[in-house]
1. Counting only residues that are in contact (Cβ under 8 Å) with a residue 24 or more places away in the chain and exposed (fewer than 15 other Cβ atoms within 10 Å of the Cβ), how many does the range 339-350 have?
2. Please go through the range 433-447 and give me each residue that is outside any helix (DSSP H, G or I), over 12 Å from D57 (Cβ atoms) and either hydrophobic (A, V, I, L, M, F, W, C) or touching a Ser or Thr at 6+ places or on another chain (Cβ under 7 Å) (or both), ordered by number.
3. One residue is enough: does the range 380-401 have a residue meeting the conditions over 30 Å from F352 (Cα atoms) and of a type in the set (S, T, Y)?
4. Only one residue in L263, L203 is within 23 Å of L115 (Cα to Cα) and either touching a residue at least 12 places away in the same chain (Cβ under 8 Å) or not in a helix (DSSP H, G or I) (or both), so which one is that?
5. Every residue in the range 198-237 that is β-branched (V, I, T) and either more than 13 Å from L294 (Cβ to Cβ) or touching an Asp or Glu at 6+ places or on another chain (Cβ under 7 Å) (or both), please.
6. Taking the stated definitions as given, is I387 among the β-branched types (V, I, T) and closer than 25 Å to L137 by Cα?
7. From E413, E425, grab the single residue that is more than 25 Å from F352 (Cα to Cα), touching a residue at least 24 places away in the same chain (Cβ under 8 Å) and of a type outside the set (A, V, I, L, M, F, W, C).
Amino acid sequence: MKLSEKSTNIFLFLIILSLSFFFLFKNLGDIPFWQDEGETAVIGLNTLTFGIPTAWDGKNLISSLNGYDFNDKLIWTWHPWSQFYITALSFYLFGKSTFSGRLPFALSGFFTIILTYLLTSKMTKDKKTALLSAFFLTTNLQFILFCRQCRYYALLPFFSILAAYFITEIDKRKGFYGFIISMALLFHSNYAPFPFVMAGGFLYLIYLKNKEKLTKYFLSIIPISILTIPWFVYSEAYKRGTEIPISERMGIYFLQLQDMLYLVNEYMFPLLLLLPLFYLFSKNFEDIRKISLLCLSFAFPVILFLPYVSYTQFIIGIRYATGCFPFMAIISAVSIMTTYRKNKIAGTLIIFILIFTNILSFIPSYTFRMIKEDDQKYKRASFSEEIRNALIAKKIYADFIYELTHHYKSPIEGISNFLNKNASEEDIVLTNYEHAPIIFYTNRRMAYILSNERYFRESIPAPKFNEVLMQMLPNYIFSYENIDWLIERSNYPERLYGFNSLKRNLQKNGFIEKVYYLSYPDIPWSNRADLRYHKFRTPVNFPSLKIYKVKKNKKS
């Protein structure tokens, strides 16, 4: 490589890293945590205090599943613990804040981009393809938004791409131990994609037909098992699952798979870009073919089989599949560069279309929605309007830049500021959603976290809690009697309890002392990472938040 070309590549890579740094860290602490982030943050604080992830801090209980997410010692078992220890470490080093809670996960995203470049460069020996893969990952807003969350989402792509990097040299000492550590940490970030990534590594090595690497892979299973199975047993993860009869599971699985493929095409990778790979595999481009098969092996088992275990695919989106983002960015780069080398005009046109429009995603997406036109999840507009939306879809980057440079008025900000100013430390607060971030920002006592009332359980849904907990925890955890504040989240009027009927009962009996109207929008979530729901600026045309002061010494 000529010196001038090398300098140009370094310069372009630094530009990509600068852009990714801006996207990942700018205004990172502005929007308060939403419920899932708040859960991670509070348990991270508990980990810092007690040395182990606990659901109870002596004042408040964290639970989204009616006690099913921790054991009889109140130790958190629903998720593996790496995200909590990482968050705790960040709080220890930088103090308790929204920014410090998100910082390690944004850093994981940043290093994932670097690893994506390094892996592509190593396997293709082509800096242009490596630069393009890093650029595609940097400019994937869904990936960036996931990495800007205080949650495990960013850990999955980091440890997945790290495992892929090490498996290419698993026959060497560094690769062998690197693969073991990467896979163990992937498991302890979220074990849903773990078996499929592990299987993907095996598929890739089968393709290589390298006995030494396959032998090392099988040997790695022993330490990986030692590092993972004890947690699987301790957390009783093997008991989880749905009560759906086996006879119905396959039908449901195919529906979930359709949802997954639709979301992948929309937010991760235009499935049309698989077409140039068919040409690639028919030609003797060994290095390109090898990295393509590596990426397909690590990504597609997750995409194809995760829907079998995540039975609410459309609701949860692709959060469990975030590990696929770097692999799909590499496949995009390889596919386009293969086309470019065959036909420069066609390759340049595809790059232009991919960067400035959503046309490549639109074609399979619109076809799918035509087939599923009776499904309310997949509404479609007129063809001309859909084309227009696909052509101007990249204006979303302008919206994202706005988010990075302006303040966002979140409902959690309004609630937290109000309670910190008006509620005493020992006041009891009742709400029907986003308990965790309120606990993080206010440390007020939150009521009615657990209940064996059928209405409560079915609204989550969740099983009954162990009633032994009633001897371990204060009464306000199980009741909404003697509350001091009632926070209305109008998007969830029937969640946990009948909010409107409770409010009417309190008003009827004269227990509502005052109603406060806050100039903050009452939206469903403080702000989720999922692009289908994410708000880039403070929403308008939503009802204002309402908080009710409830008189003391009353019965609800």
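The values are calculated or read from the model by the stated rules, or taken from the named source; none is laboratory data. None of the values given here were measured: they were computed from a predicted structure. Quick reminder, even Gly has a Cβ in these numbers, built from the backbone with ideal geometry, and neighbours come from all protein chains shown.
1. So the count comes out to 1.
2. E434, A447
3. no
4. Exactly one of L263, L203 is within 23 Å of L115 (Cα to Cα) and either touching a residue at least 12 places away in the same chain (Cβ under 8 Å) or not in a helix (DSSP H, G or I) (or both), namely L203.
5. Hits for the range 198-237 are T215, I221, I222, I224, I226, T228, I229, V233.
6. yes
7. Values: E425 fails: touching a residue at least 24 places away in the same chain (Cβ under 8 Å).
Testing whether each residue is more than 25 Å from F352 (Cα to Cα), touching a residue at least 24 places away in the same chain (Cβ under 8 Å) and of a type outside the set (A, V, I, L, M, F, W, C) leaves just E413.
The rows are residues; the columns are (1) on the phi < 0 side of the Ramachandran plot; (2) modelled with pLDDT of 80 or more; (3) buried (at least 20 other Cβ atoms within 10 Å of the Cβ).
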{"residue": "V302", "(1), (2), (3)": "yes, yes, yes"}
{"residue": "R319", "(1), (2), (3)": "yes, yes, no"}
{"residue": "A333", "(1), (2), (3)": "yes, yes, yes"}
{"residue": "M337", "(1), (2), (3)": "yes, yes, yes"}
{"residue": "S365", "(1), (2), (3)": "yes, yes, yes"}
{"residue": "R369", "(1), (2), (3)": "yes, yes, no"}
{"residue": "D375", "(1), (2), (3)": "yes, no, no"}
